[in-house]
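Structure first, commentary second.
The values are calculated or read from the model by the stated rules, or taken from the named source; none is laboratory data. No experiment lies behind these values; they were computed from the predicted model shown. Positions of Cβ are generated from backbone atoms using ideal geometry, with glycine treated the same way; all protein chains shown enter the neighbour counts.
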Amino acid sequence: MATDDVATTLGAAREWTAPAPPATGLPKLHQLSMKQQIAICCARCAQYLGASGRQWGDLHHRVHDRTFVFKLWVCESGCRPFQGGPA
């Protein structure tokens, strides 16, 4: 890689912008079980999703200088109100 390519790549990295603010109404990360965090179970009712479901929103969790994004999924046809916690 040429020096100019490296400078261009580093310059592009400096122009990074922060992600959009999280959607309102989403639960906090600590309210979700691990299965809800990784989309195995519904983020609202904690039921198993299987191959169905729809994306609810992106949950942004900040730890020190890093932001982790969790894509939350919910039941396809609707579900019970939010029920978080370890499953």
Residues ALA20, ALA39, ALA43: which one is at pLDDT below 60, in a loop (DSSP other than H, G, I, E, B) and within 20 Å of PHE68 (Cβ to Cβ)?
-> ALA20
Just to be sure, is GLY85 surrounded by fewer than 15 Cβ atoms within 10 Å (Cβ to Cβ), modelled with pLDDT under 90 and part of a loop (DSSP other than H, G, I, E, B)?
-> yes
Tally of residues being of a type in the set (A, V, I, L, M, F, W, C) and crowded, with 16+ Cβ neighbours inside 10 Å across the stretch 48-58 = 2
The stretch 23-47, subset loosely packed, with under 12 Cβ neighbours inside 10 Å and free of Cβ contacts under 8 Å to residues at least 40 places away in the same chain, residue nearest to GLU76 (Cα to Cα) = GLY25
Flagged pairs (Cβ under 6 angstrom, 6 or more apart or on separate chains; first in the stretch 59-72, without any contact (Cβ under 8 Å) to a residue 24 or more places away in the chain and loosely packed, with under 12 Cβ neighbours inside 10 Å; second of a type outside the set (S, T, N, Q) and not in a loop (DSSP other than H, G, I, E, B)) are PHE68/HIS61
